Amino acid sequence: MSWLITLFVILPLAAAFLIPVIGKLIKGFQKTITSVVFLFLTVLSLFFLFDGNTEVYSYKIGGWEPVNGVPIAIYFVIDGLTIFMLSIINLIGFFSAFYAISYIRRFTAENNFYTLLCLMVGGMNGVVMTGDLFNLFVFLEIAVIASYALVAFGVEKHELEASFKYQVLGGIASLLILFGIGLIYWKTKTLNIADVSDILKYSNDRSFLLFTQIILIAGFGLKAAMIPFHAWLPDAHSSAPSPISAMLSGVLIKAIGIYCIIRLFFNMFIINHEISLVFIILGSLSMVLGVFLAVGQWDIKRLLAYHSISQMGYVIIGVGIGMMILVNNGNKSVAALAITGGLFHLINHAVFKSLLFLNAGAIEYKTGTRNLKELGGLFAYMPVTYSTSLGASMAISGIPPFNGFFSKLLIIIAAIKGRFYLVAFLAVIVSIITLASFMKFQKFSFFNKSSITEKPKINEVPFPMCFSMIVLAILCLGLSLLIFPGVRETVLTPVVDILMNTTDYSSAIKDI
Amino acid sequence: MTLFILCFVLFLVGLYGVLTRKNIIKIFIGLSFMEFSTFLFLVLIGYIEGGIAPIISKNITNPVYVDPLPQAMVLTAIVIALAANSMLLAIAIKIYKKYGTFDIRKISNLKG
């Protein structure tokens with residue numbers, strides 16, 4: 001049973017190897033295999049998610065058993081949080097790959113595109129599954145180097161500039177992370193996350209640990225584009241091809257940024273007051289400044305990219321408030337509510353933001369421009385794009401039947417119950433400004449007829465693009481079900497339990 | 001301890017170079033400085049005073065071995081850095097072909 005979990009890394013990497021080898025000989029091989037692999041992994045991860053037991057699966061690479069209770073092998077671990085992230089990554093990966101079947105025809109090097117996409121997904125699956133710090137760095141670099149190449153995929157002036165910026169800042173982030181991992185190894189002489197957590201429990205070198213934590217926050221914060229570290233994100237996410245923008249904004253910043261922060265700071269380090277304060281401040285800054293920067297944008301994809309920063313702020317705030325309440329021994333149910341809100345917003349954002357980027361790609365595919373000032377009146381020509389983007393816009397601005405409303409509501413209720421009144425107020429204000437900004441997006445792209453007078457050639461995009469957008473739009477509505485009792489216990493509660501009982505992770509792995 | 005502090009100073013020198021230089025190649029050199037200081041740091045934490053290479057041999061009594069794990073980590077990290085550096089230089093060459101300059105002040109179309 002547990003060998004199945006290695007497939008999450010093996011299959012994408014094998015596909016990435018096979019595509020350049022076989023793809024030249026058989027026509028259409030690259031599209032088929034990428035979609036099939038991602039669909040299979042989505043089904044596998046959903047099977048793990050809904051199989052009903054909260055047991056921790058693990059796989060020791062090379063079969064090395066622990067010696068005297070000290071883990072030696074590199075562990076692949078599947079617990080609630082991991083399987084939650086894996087299903088998001090592979091689900092969005094599948095829809096992006098399926099969407100790309102039509103979209104990527106305009107580029108010449110299809111084989112290279114699918115190879116890099118497979119490498120990126122394989123790297124992200126590895127990052128969320130691994131139980132070893134250095135292995136985490138290796139998989140992170142696989143995912144990130146593939147994304148550098150994908151951002152520059154168009155090889156025009158803007159793409160190259162964006163990719164260069166991304167690489168310099170991403171390089172600094174990677175080195176900070178490696179430096180932090182070196183510091184942890186220096187202190188504990190082990191790299192296994194569970195083992196490190198066990199040793200740090202008895203350590204009292206506070207200033208050293210705080211230094212390490214700050215280095216790691218800077219590194220992963222750069223990867224997650226929290227606000228003082230956000231400079232690369234709007235350029236990189238708006239210059240990439242649209243399916244890749246959906247992957248970068250919907251999944252990559254979560255898998256290698258937010259996930260690593262949550263895993264390391266809840267399950268490896270001992271949670272403390274200073275770090276939770278840093279989270280709340282960084283989250284509030286990202287939330288407020290991100291949305292103010294977004295309002296003035298006229299490029300559709302830049303506008304969406306700035307909203308990614310802002311919405312990630314909500315996730316960080318939810319998790320930070322939960323951590324703060326746990327540290328102060330406050331009301332546990334409020335902490336659980338805040339963390340639930342944060343993680344729920346994470347999956348919601350993955351769905352509606354990737355859908356919005358796919359919509360932007362569809363508009364660009366048919367009209368050839370992303371500038372809102374040149375667009376207008378598209379709702380009659382592109383009904384599917386119009387209706388799905390309307391759904392996603394309502395979800396991101398928190399209109400009730402859609403999923404974004406429930407996660408934002410949870411975070412705001414938790415903030416009020418935990419007496420973070422300022423944070424709750426800011427969250428409400430940001431949500432209103434988000435609504436304004438998306439009304440502008442809807443008005444200038446789909447209604448306002450000023451600029452487009454006659455474009456009879458514009459019609460709906462091809463079937464693969466429509467299919468991805470429609471299914472994601474249904475998910476936008478369907479994911480609201482996760483909040484209701486019955487469904488919540490199977491999906492969200494196991495994840496929250498892992499973060500609430502911070503030491504359970506290490507004991508569960510040590511016992512295997 | 002002095003060695004560790006010097007290592008960190010080298011890291012900061014690289015960071016200063018990345019942040020202040022205006023030439024793409026010089027930014028790349030700054031990044032390389034940061035890489036090398038990190039590798040140096042990883043090797044240093046595995047070093048033990050008077051340690052020998054960790055190969056088990058019957059002739060030596062009471063051996064003191066250096067820690068081999070950071071050395072394996074450094075080798076892996078160097079290979080990863082090679083991939084990242086070649087990617088960065090490939091992009092730099094493409095940028096030079098498109099813009100005809102390495103000056104980042106003249107390569108700034110994306111703003112706002």
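Assorted remarks:
- Computed from point charges on the beta carbon alone (+1 for Lys and Arg, -1 for Asp and Glu), the dipole magnitude for the protein assembly as shown about its Cα centre is near 1940 Debye.
- Cut-off 16 Å (backbone N to label point 7 Å along Cα→Cβ of B:Lys26), residues of the range A:158-175: none
- Centre-to-centre separation between the Cα atoms of the range A:135-156 and those of the range A:1-71: 19 Å.
- Placing +1 on the Cβ of every Lys and Arg and -1 on the Cβ of every Asp and Glu, with nothing else charged, gives the range A:289-409 a dipole about its Cα centre of roughly 60 debye.
- Each Cα pair under 8 Å and six or more residues apart adds its sequence gap; the mean of these over the residue count of the range B:2-99 is a relative contact order of 22 percent.
- Acute angle (nearest 10 degrees) that the helix A:29-50 long axis makes with the longest principal axis of chain A, alpha-carbon atoms: 50
- Computed magnitude of the charge dipole of the range B:2-99 (debye, nearest 20; Cβ of K, R +1, Cβ of D, E -1): 680
- Gyration tensor verdict on the range B:2-99 (Cα atoms; rounded if a/c is under 1.5, prolate if a/b is larger than b/c, oblate otherwise): oblate
- Degrees separating the helix A:110-129 axis from the principal Cα axis of chain A, which is the longest one: 30
- Among B:Ala92, B:Ala77, B:Ala53: highest mean-square fluctuation, GNM of chain B, C-alpha pairs under 10 Å: B:Ala53
- With a cut-off of 16 Å on the backbone N, the residues of the range A:266-292 near the modelled label site 7 Å out from A:Ser203 along Cα-Cβ are A:266-272, A:275.
- Dipole of chain A, positive end: most advanced residue of A:Ser87, A:Phe220, A:Tyr365 [Cβ charges, Cα centre]: A:Tyr365
- Amide H contacts of A:Tyr57 (H built 1.01 Å from N, in plane; Pro and chain starts excluded): A:Ile78 sit under 5 Å, all sequence-distant by 5 or more or on other chains.
- Across the range A:271-504, the mean sequence separation of Cα contacts (distance under 8 Å, 6 or more residues apart), normalised by length, yields a relative contact order of 24 percent.
- Compared with the dominant principal axis of the Cα atoms in chain A, helix A:206-224 is inclined by about 20°.
- Cross-link pairs exceeding 21 Å between alpha carbons, from the set A:Lys60/A:Lys254; A:Lys27/A:Lys366; A:Lys157/A:Lys443; A:Lys366/A:Lys449; A:Lys165/B:Lys22; A:Lys223/A:Lys510: A:Lys60/A:Lys254; A:Lys27/A:Lys366; A:Lys157/A:Lys443; A:Lys223/A:Lys510.
- Positive-end ranking of B:Gly100, B:Phe36, B:Asn59 along the dipole of chain B, with charges on Cβ about the Cα centre, is headed by B:Gly100.
- The protein assembly as shown: C-alpha gyration tensor shape, a/c 1.5 cut-off, then a/b vs b/c: prolate
- For the range A:14-21, 3J(HN,Hα) per residue [Karplus equation, 6.51 cos²θ - 1.76 cosθ + 1.60, θ = phi - 60°, Hz, x = Gly/Pro]: 5, 4, 4, 6, 6, 4, x, 6
- Judged by the ratio a/c of the largest to the smallest principal axis of the C-alpha gyration tensor, the range A:1-83 counts as oblate, that ratio being 1.5 or greater while a/b is no larger than b/c.
- Each Cα pair under 8 Å and six or more residues apart adds its separation to the average, and for chain A the resulting relative contact order is 16 percent.
Each reported figure results from applying straightforward, stated rules to the coordinates on display, with no laboratory input. Here the structure is a predicted model, which is why all the values come from computation and not from measurement. Here Cβ is always computed from backbone atoms with ideal geometry, including for glycine, and neighbour counts include all displayed protein chains.
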